[in-house]
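Structure, as structure tokens:
The values are calculated or read from the model by the stated rules, or taken from the named source; none is laboratory data. Keep in mind that this is a model prediction, so the values were computed, not measured. Here the Cβ positions follow ideal geometry from the backbone for every residue, glycine too, while neighbour counts run over all protein chains shown.
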């Protein structure tokens, strides 16, 4: 037997990398339900997941089933939610108009009048002589729920209001119509719309059915940093 081969055999017994493989942690798949308003938080969610696989499903906040997901992300007040809520951020809810609109600021009374159909023409607010076109979300969306509770006080939305399926459609609708007015979160706002009233700052929450464990707990802790 050649000496070089003998030394190679001995080296493999002495050096672990020759005869063993470093074990790797198994990846997990986490199912996450999220509302349209919280889409901007998905970037952080994927970053925090690391090697784990995230299966994210967007649905209206009212239709997220905590029994079928590992975690849900939505905006809202934790005091009104019965599951395990953990704040992972905050966002502002804004009333927005087209940048060409002559109105640059609104009061809460004016916002209430516009969205309940009591104010039908921008001229009533010293704007142009043009009909107001209101845009809202479905009643199952977290943004709509907070807006109606905090600003409309239970009054019904104007019957002429148009329905946006999500923040992207809302922003596009208002950006494309000088007479439009709608609702958008600060994280979704672009330069194509102007905010004229701030409804308030709302927590962004991660929710679990039970006390979080394992990778779910690790992800929530990471999102809170």
I want to confirm something. Restricting to region 145-165 and keeping residues that are within 22 Å of the chain's Cα centre (by Cα) and more than 19 Å from residue 198 (Cα to Cα), which single residue is surrounded by the most Cβ atoms within 10 Å (Cβ to Cβ)?
164
Residue under question is residue 110, and the condition is that it be out of contact with any strand residue (DSSP E or B) (no Cβ under 7 Å at 6 or more places or on another chain) and either modelled with pLDDT under 95 or closer than 23 Å to residue 187 by Cβ (or both); does it hold?
no
Selection count where residues are outside any helix (DSSP H, G or I), out of contact with any helix residue (DSSP H, G or I) (no Cβ under 7 Å at 6 or more places or on another chain) and farther than 18 Å from residue 91 by Cβ, scope region 195-225
4
The one condition residue 129 fails out of (1) more than 27 Å from residue 30 (Cα to Cα); (2) in contact (Cβ under 8 Å) with a residue 24 or more places away in the chain; (3) in a loop (DSSP other than H, G, I, E, B) is (2)
Within region 112-144, tally of residues that are crowded, with 20+ Cβ neighbours inside 10 Å and either in the same structural domain as residue 39 (by TED's automatic domain parsing) or farther than 16 Å from residue 160 by Cβ (or both):
4
Qualifying positions in region 49-72 - in contact with a helix residue (DSSP H, G or I) (Cβ under 9 Å, 6 or more places away or on another chain) and under 24 Å from residue 143 (Cβ atoms):
54, 56, 58, 59, 60, 61, 62, 70, 71, 72
Restricting attention to region 80-98, does a residue exist that is assigned to a loop (DSSP other than H, G, I, E, B), surrounded by 20 or more Cβ atoms within 10 Å (Cβ to Cβ) and touching a strand residue (DSSP E or B) at 6+ places or on another chain (Cβ under 7 Å)?
yes
